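These notes are about the structure you will find just below.
None of the figures in this text is laboratory data; all of them are computed from the coordinates on show. Worth saying up front: this structure is predicted, and the values here are computed from it rather than measured. Don't worry about glycine lacking a Cβ; one is built from the backbone with ideal geometry, like all the others, and counts go over all protein chains shown.
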Amino acid sequence: MSSSLRPEEVASVIQKQLQSFTEPLKLESEGTILQIGDGIARIYGLEQAMMGELLEFPPQSSGDPVYGIVLNLEEDNVAAALFSRSQHIREGDAVKRTGRIAEVPVGTAVVGRVVNAVGQPLDGKGPIAYEETHPIERIAPGVTKRQPVKEPLQTGLKSIDSMTPIGRGQRELVIGDRQTGKTALLVDTILNQKDADPPVHCIYVAVGQKQSTVAQVIKVFEDFGAMGYTTVVSATASDPAPMQYIAPYAGCAMGEYFAENGQHAAIFYDDLSKHAVAYRELSLLIRRPPGREAYPGDVFYLHSRLLERALKYSDELKGGSLTAMPVIETQAGDVSAYIPTNVISITDGQIYLESDLFYAGFRPAINVGLSVSRVGGKAQTKMMKEVAGRLRIDLAQYRELASFAQFGSDLDKATIARLTRGERLTEVLKQPQYSPMPVEEQVAVIFVAVRGFLDDIELKDVKAFETQFLPWLRGNYPQILHTLKQTKAVSDETSELLEKAVGEFKSAFVAGETSSELPTTEDKEETELPEQTVAKEETAGELHDLND
């Protein structure tokens, strides 16, 4: 049987198929590796590459993709830093552009998760079901989009909330030698946001720390129920320098999402000294000229463009905020070194932690004289301003007198009274770790100290007085704390009632009758929950600074 196909029919069918063919052309920009070593690749042929763009390298033997970020654009090549180990990559291998600037997932999906610097989960809880991504590098909003800081961010620490208050949208530096309680201060601040109103989303960025240290911090968050509102971005000492370099920017992008949507976020960079070291390593490897202490010339810009993104949005832009608390580690208390002075000049104040105070048992070891908050005072609650107004002056006078009093024995009554008051104020400001205190209770305790009710209490009994007074106050005069919490002010009526309550308790305390009169756990639901008590016992100890 012969075929009756005619050439013109075949041609018309092929022509129709070609006309209906809709497969789009896929253009890929591909380059070739000229040189690779120490996690830095120089690539030829990517003329259209963008600064900060992600590049795709040959995958690992396991099939996992390998990405890098463009850091240098030169005449005949681009320099890129790889985010993972590069032993399998060779000269001559192909590298593809992705067309995407480095970005991370943002939104509620990342809350409660532990992620790396590119937003990949590290907690074994499965992939992150995110709906949106943000670029890690963004230009900070201008002045017209901002408003002055006016709402407090309570840390739960008496010495900070009373004398160096922090406002939502502020940048407050935490600076001190290693092992002085910097990380512990951040952890306490995060724990204190559990009942914050309005709520605060926390992002803890760990840069260059040991994995065991980060795991320890995460365990504390889980024990105290803080992971419900916290995201941990981890770039440990074992991670490549590019991951440590972009981690703070990635965490900042996650925090910006909440601020842009009218919510409040706080980001904790722990710490930026190691961040600068990672950036120095990258810069030297890509042959950028070294400057002071071998840091590149733009190391100031490295931190200024990061910290400028902390802000309080104007009411027209929903009034959200992003508060930044960076950490800087000093060497032997030298705050005049290169990186510390850079970050001090960028931030709105600093909390200075001192080794001598720490080893003397004064914890948190905050040096009141060197610590300052330049804008937080406007955000401080009225009641705290009223009771803590003279606190800083009294402590400064006490320190000055104490340095002279140790050389002489003949002191007049006024000097002895000032020394007595100062010793008790110092004792009251001590606070155990993982024990952030609601602001109304802080006000009650500081009220007792600055009004002189502790002056005739033995110094060794001051801490016991405070420990027993607060539960007694909750049980016998709950209306005082309730009024302080609601009105945020100490009225004459509240002041009189508080003085009366303190007088009653002091009489019982001096007579040794208070311990039996303390309300039981069943009588007051405001005391610690059982699981919190267990968590404290498990995590307590000498963990006053998790940095190494």
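Against the chain, whose longest principal axis is taken from its Cα atoms, helix 391-405 shows a tilt of about 70°.
Taking a sphere under 13 Å around the Cβ of Leu285 and counting the other residues whose Cβ falls inside, with K and R at +1 and D and E at -1, yields a net charge of +2. In square nanometres, what is one fourth of the surface area of the convex hull spanned by the alpha carbons of the chain? It is 37.5 nm². If we count trypsin sites (Lys or Arg not before Pro) as exposed when they sit in a DSSP loop and have at most 10 other beta carbons within 10 Å, what is the longest stretch of the chain that avoids them all? Longest stretch, sites excluded: 126-548.
For helix 492-510, report the angle its Cα long axis makes with the longest principal axis of the Cα atoms of the chain; keep it between 0 and 90° and round to the nearest 10°. Relative to the chain, helix 492-510 is tipped by roughly 70 degrees. The charge dipole of the chain, taken about its Cα centre with unit charges on the Cβ atoms of Lys, Arg (+1), Asp and Glu (-1) only, comes to about 1040 debye.
About its Cα centre, the dipole of the range 174-266 is roughly 320 debye, where the only charges are +1 on Lys and Arg Cβ and -1 on Asp and Glu Cβ.
Hey, what number do you get for the chain at 222 nm if only DSSP H runs of n ≥ 4 count, each worth -39500 (n - 2.57), divided across all residues, to the nearest 500?
Value at 222 nm, helices only: -11500 deg cm²/dmol.
The Cβ shell under 15 Å around Ser336 holds other residues with a net charge of -3, Lys and Arg each +1, Asp and Glu each -1.
Quick one: grab the alpha carbon gyration tensor of the range 124-164, order the square roots of its eigenvalues as a ≥ b ≥ c, and give me rounded if a/c is under 1.5, else prolate or oblate depending on whether a/b is larger than b/c. Oblate, because a/c is 1.5 or more while a/b does not exceed b/c.
Reducing the range 394-442 and the range 286-337 to their Cα centroids gives an inter-centroid distance of 35 Å.
Within the range 91-131, the GluC sites (Glu not before Pro) that combine a DSSP coil assignment with at most 11 other C-beta atoms in a 10 angstrom radius are Glu131.
Once the chymotrypsin sites (Phe, Trp or Tyr not before Pro) in DSSP loops with at most 12 neighbouring Cβ atoms within 10 Å are cut out of the chain, the longest remaining piece is 22-406. Please name which of Val439, Gly112, Gly208 has its Cα lying farthest along the dipole of the chain towards the positive end, using unit charges on Cβ (Lys, Arg +1; Asp, Glu -1) and the Cα centre as origin. Selected residue: Gly208.
Summarising the amide proton neighbourhood of Leu153: residues at separation of 5 or more, or on other chains, whose placed amide H is nearer than 5 Å comprise Ile166, Gly167, Arg168. Here the Kirkwood formula, the inverse mean of 1/r across different C-alpha pairs, assigns the range 187-252 a hydrodynamic radius of 12.4 Å. Label separation (Glu30 vs Gln15): 3.6 nm, computed from points 7 Å beyond Cα along the C-beta direction.
I want the local charge near Thr231. Using Cβ-Cβ distances under 14 Å, sum +1 for each Lys or Arg and -1 for each Asp or Glu among the other residues.
So the environment of Thr231 carries a net charge of -2.
Computed over every Cα-Cα pair of the range 269-339 and binned at 10 Å starting from 0, the pair-distance distribution P(r) comes out as 17, 41, 26, 12, 4 percent. Computed from Cα positions, the angle between helix 439-450 and the longest principal axis of the chain comes to roughly 40 degrees. For the range 1-119, the equivalent ellipsoid derived from the Cα gyration tensor has semi-axes of 43, 21, 15 Å, listed largest first.
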